[in-house]
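Asks: The following block contains the structure, expressed as C-alpha cells.
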Amino acid sequence: MCGIVGAVSAKECTNFLLAGLTTLEYRGYDSAGLAVLNNGLQRARAKGRVAELASKVAKGDIQGQVGIAHTRWATHGVPAERNAHPHISEGLAVVHNGIIENYESLREQLQGLGYVFTSDTDTETIAHLIQACFKGQIGEPAENLFSAVQCAVAHLKGAFALAVISEEEPDCLVVAREGSPLMLGITDEGHYAASDASALVSVTQQMMHLENGDIARLTRDAVMLVDAQGQAVEREVVTSHLSANAVELGEYDHFMQKEIFEQPQALGNTLEMISGAGQLQPGIFGAEAAAIFEQVDSVLILACGTSSYAGLTAKYWIEQVASIPCNVEIASEYRYRQSVANPNQLVVVISQSGETADTLAALHHAKSLGHTHTLAICNVPESTIVRETALRFITRAGPEIGVASTKAFTTQLSALFLLTLLLAKTNQRLSKENEKIYLDELRHLPVAVERVLSLEPDIKAWSLQFANKHHALFLGRGRHFPIASEGALKLKEISYIHAEAYPAGELKHGPLALVDADMPVIVVAPNDELLEKLKANMQEVSARGGQLYVFADGDSAIRSTNGVNVLTMPEHYGLLSPVLHVVALQLLSYHVALVKGTDVDKPRNLAKSVTVE
Ligand code: AGP
C-alpha cells in the first residue's frame, strides 16, 4: 500500500527519495510524487510507475536537501496525478499513509475558511488543516511547523503516518504516526523517515521506530520527539538486520521467483532454534509461553488471505495432534462479529507484515473482549502486531517483496507446527518418541522443499496449457484443502485466472456443474487417509471431460492417462505434506502468470501490506 520516504540531509536528497520509492514499489501503488525545498517548494507527481516520476524530476531539475516522497494506492479518489501526493497548501507539503475518517467534515470546515481543494483525497485535508493551524484559523496561531502539526493531528480521526515540509522552515521535516508504521533513519549527515525499513537501508542500518501518537521534528543534526501526551520522549535506536541486497533481485527475474526459491533457506533460518534440540521448549514463543500454554483450553486463529490459510492448515494439526479445539476466523469478519470470549483461549494472530489493518483490529477486538493470551506469528520483528501480543514467534523468511506471499506462508506453517507440538506436549498428548520424529521431520523440511523445487521444468511445461484458460478449480481434502485454497488464491492473484478451491467431497454439491473440457482441475493428492475418497472425486471430474492436473505422492498410485496429468512429489511427508504441496502450487501460479504476461510482483489492484480497512 502507500509508501512514505523523507529526508533532511547535508546532501542532495532527490536520488535517495526516488530510490526509496523504488524500494517501496513492491507494496503496490498507482501513482507517485515528491516535493523538495530549494528556495521554495518544488513538486513533481506522476500517475503510474516511479520511473515516470523519475523522468519528470530529471526534466524539471528538481533538487534539494530536504524532501518528502510518496507512492499512492488509491482509496479516496481515482489514480490520477491530481490525487497523487504530496498535497500542498501554500508552501507546505504533506504525504500521508492511512485513512482520515473525519475528512469530509474537516474539508467542509476548511472550505468555509476559504481553502480550495484540487484533489479528491483525504490527504489534502491534512495539508490545509496544518496550514489553518499555522495561521491560527483553527486553534491558537502555531509557533512553528511542529506545533502546527501537533494541532492538526489533534483534529484527525483515523490511521495515519505523515511527513510534512514547509517553506516557512526550510531546514526541517516533521513526521507523525498514529496507526500506520513510520520509522526514522539516523546518520551523522542527516535524518531520514520511511514507512518501511527497506527504504532506509541504502543510507543506514540505525533506525528508530515511532510509537502511535509520536510526533517528531527532524533536522540535519537532531531529532526532537514527543509522545501522544506531548511529553518529550526518546525512542531506542536499533540496528536493523535488513541488508540492502535482501531487497534486490540478484540473479532472478521476479521477487516471487526469488522468494519461492529462498524457501529452503527461509525454513532453515526459521527452524534454526531446533537445529540441535532433542526436545522442544515453550520459550521459543516467549518467556511467558510455558505458563500461558498451561492455561490454554482452545485456540482462536485470526488472519487474512494467505496467512488465514496457514491458520486453517494448523487447525487440522492442532485438533489432531494436540486434541485442542481450534477455530480460524477471517480477521475482517471477526472484528465485527459478536463472539463469545473465553479467557482460556489462545488467540493467535498470523501476519507476514504485522501491519495488516484488519488483523490488527481483530487483535484489538479480542483484547477488548478480555483475551489476554495472545500470540503473534509474524515475519517483521518491529511490526505493530508483534509489539501488541503477550507471546510472539518471528518467522525468519527475510523481506518478502512480491505481493504474492510464498516464503512467509511456508515459514508460518513451520511455526504453527512447532506451536502444535508444544500445545500437544503441554496437553500430555505427545510422546517423547513422536516429539523426536516430528522434530526430525521439521529439520529435514528445507531439503524436502529443495526437492520440490526441482519439479520446476515439469510444472513450467504444464503452465503452457493454461495460456487460454479463464477459470480453474483446485481440489484438496483434509489438511490439504487449505493448501488447495492457497493455490487458488495464488493463481487468481497473479495470473488473473478465476480460481476456486473446494474440498473435493463438495464437488458434487454444486461445482461439478462447471466442469467441462475447458476447466482445468488441479488436485492436491498426497497419499493420506483420504486418498481413496479423493480418487473417487477425480473420477467424477474425468467422467465429465474435465482436465486433471494432479500433484500426487509417489505411492499414491495415480498414473497419467488421457485427461489426467500427474506430477509425482519427491517425498511423502505425512502431517507436514502441506508445506511441500504448496510449493508446487506456487511454482504453477508463477509460471502461468509468466505465460499470461502479467505483472507477477505487482499484480493489478493489489498491495503488499494492506494497512487500510
Ligand atoms: C497473499 O498472496 C496475499 N497478497 C494476501 O492475501 C496476504 O496474505 C494478506 O493480505 C495478509 O497479509 P499479512 O500476512 O501481511 O497480514
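Asks: Listed residues 582, 612; which is modelled with pLDDT of 95 or more and either part of a loop (DSSP other than H, G, I, E, B) or within 16 Å of the ligand (Cβ to nearest atom) (or both)? First the steps, then the outcome.
Replies: On the way: 612 fails: modelled with pLDDT of 95 or more.
Exactly one residue qualifies, and that residue is 582.
Asks: Being farther than 18 Å from residue 214 by Cβ and in contact with a Pro (Cβ under 6 Å, 6 or more places away or on another chain) narrows it down to one of 93, 127, 80, so name that one. Before you say what the answer is, go through the steps one by one.
Replies: Working: 127 fails: in contact with a Pro (Cβ under 6 Å, 6 or more places away or on another chain); 80 fails: in contact with a Pro (Cβ under 6 Å, 6 or more places away or on another chain).
None of the other options fit; the residue is 93.
Asks: Sticking with this structure for a sec: Report whether or not residue 594 is outside any helix (DSSP H, G or I) and open to solvent by 30 Å² or more (accessible area, probe 1.4 Å). Even if it seems obvious, please write down each step before you answer.
Replies: Numbers: outside any helix (DSSP H, G or I): no; open to solvent by 30 Å² or more (accessible area, probe 1.4 Å): yes.
Criteria not met by residue 594.
Asks: Select from region 93-106 the residues that are of a type outside the set (S, T, N, Q) and within 13 Å of residue 157 (Cα to Cα) and write down the one among them that is surrounded by the most Cβ atoms within 10 Å (Cβ to Cβ). Break it down into steps so the answer makes sense when it comes.
Replies: Quick first cut of region 93-106, residues of a type outside the set (S, T, N, Q) only: 93-96, 98-101, 103-104, 106.
Checking which are within 13 Å of residue 157 (Cα to Cα) leaves us with 98-101, 103-104, 106.
Numbers: 98: 25, 99: 21, 100: 23, 101: 13, 103: 21, 104: 12, 106: 21.
Among them, the one singled out is 98.
Asks: Can you name every residue in region 319-351 that is within 14 Å of the ligand (Cβ to nearest atom), open to solvent by 10 Å² or more (accessible area, probe 1.4 Å) and touching a Cys at 6+ places or on another chain (Cβ under 7 Å)?
Replies: Within region 319-351, 330, 332 qualify.
Asks: Please go through region 89-120 and pick out each residue that is part of a loop (DSSP other than H, G, I, E, B) and in contact with an Asp or Glu (Cβ under 6 Å, 6 or more places away or on another chain). Steps first, please.
Replies: Our first condition is that a residue be part of a loop (DSSP other than H, G, I, E, B); within region 89-120, this holds for 90-91, 101-102, 113-120.
Correct list: 91, 117.
Asks: Which of the residues belonging to region 215-234 are open to solvent by 60 Å² or more (accessible area, probe 1.4 Å) and not polar (S, T, N, Q)?
Replies: Just the residues of region 215-234 that are open to solvent by 60 Å² or more (accessible area, probe 1.4 Å), to begin with: 217, 220-221, 224, 228-229, 231-232, 234.
Residues satisfying the conditions are 217, 220, 221, 224, 228, 232, 234.
Asks: Out of all the residues in region 154-162, is one or more closer than 30 Å to residue 52 by Cα, modelled with pLDDT of 95 or more, open to solvent by less than 10 Å² (accessible area, probe 1.4 Å) and not aromatic (Phe, Trp, Tyr)?
Replies: As a first pass, look at region 154-162 and keep what is closer than 30 Å to residue 52 by Cα: 159-162.
Next, from what is left, pick out any that are modelled with pLDDT of 95 or more: 162.
Pick out the ones that are also open to solvent by less than 10 Å² (accessible area, probe 1.4 Å) and you get 162.
So of that shortlist, the ones also not aromatic (Phe, Trp, Tyr) come out as 162.
Yes, there is a match, as at least one residue in region 154-162 is closer than 30 Å to residue 52 by Cα, modelled with pLDDT of 95 or more, open to solvent by less than 10 Å² (accessible area, probe 1.4 Å) and not aromatic (Phe, Trp, Tyr).
Asks: Further question on the same structure: Out of region 284-296, which residues are under 18 Å from residue 379 (Cα atoms) and either in a helix (DSSP H, G or I) or open to solvent by 50 Å² or more (accessible area, probe 1.4 Å) (or both)? Before you say what the answer is, go through the steps one by one.
Replies: Of all residues in region 284-296, those under 18 Å from residue 379 (Cα atoms) come to 284-286.
Passing the criteria: 284, 285.
Asks: Among the residues of region 297-313, which ones are away from the ligand (no atom under 13 Å from the Cβ), in contact (Cβ under 8 Å) with a residue 60 or more places away in the chain and not in a helix (DSSP H, G or I)?
Replies: 299, 300 - these are the residues of region 297-313 that are away from the ligand (no atom under 13 Å from the Cβ), in contact (Cβ under 8 Å) with a residue 60 or more places away in the chain and not in a helix (DSSP H, G or I).
Condition check ((1) within 16 Å of the ligand (Cβ to nearest atom); (2) in a loop (DSSP other than H, G, I, E, B); (3) farther than 20 Å from residue 300 by Cβ; (4) open to solvent by 10 Å² or more (accessible area, probe 1.4 Å)) across all residues:
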position: 408; (1), (2), (3), (4): yes, no, yes, no
position: 420; (1), (2), (3), (4): no, no, no, no
position: 442; (1), (2), (3), (4): no, no, yes, no
position: 460; (1), (2), (3), (4): no, no, yes, yes
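Asks: Determine which member of the set 493, 486, 500 is surrounded by fewer than 18 Cβ atoms within 10 Å (Cβ to Cβ), in contact (Cβ under 8 Å) with a residue 24 or more places away in the chain and within 16 Å of the ligand (Cβ to nearest atom).
Replies: Matching residue, one of 493, 486, 500: 500.
The values are calculated or read from the model by the stated rules, or taken from the named source; none is laboratory data. Source: prediction; values computed, not measured. Here the Cβ is made from the backbone with ideal geometry for all residues, glycine too, and neighbour counts use every protein chain on show. The accessibility values were calculated without ligands, DNA or RNA, using every heavy atom of the protein model including side chains. Shrake-Rupley method; radii C 1.70, N 1.55, O 1.52, S 1.80 Å.
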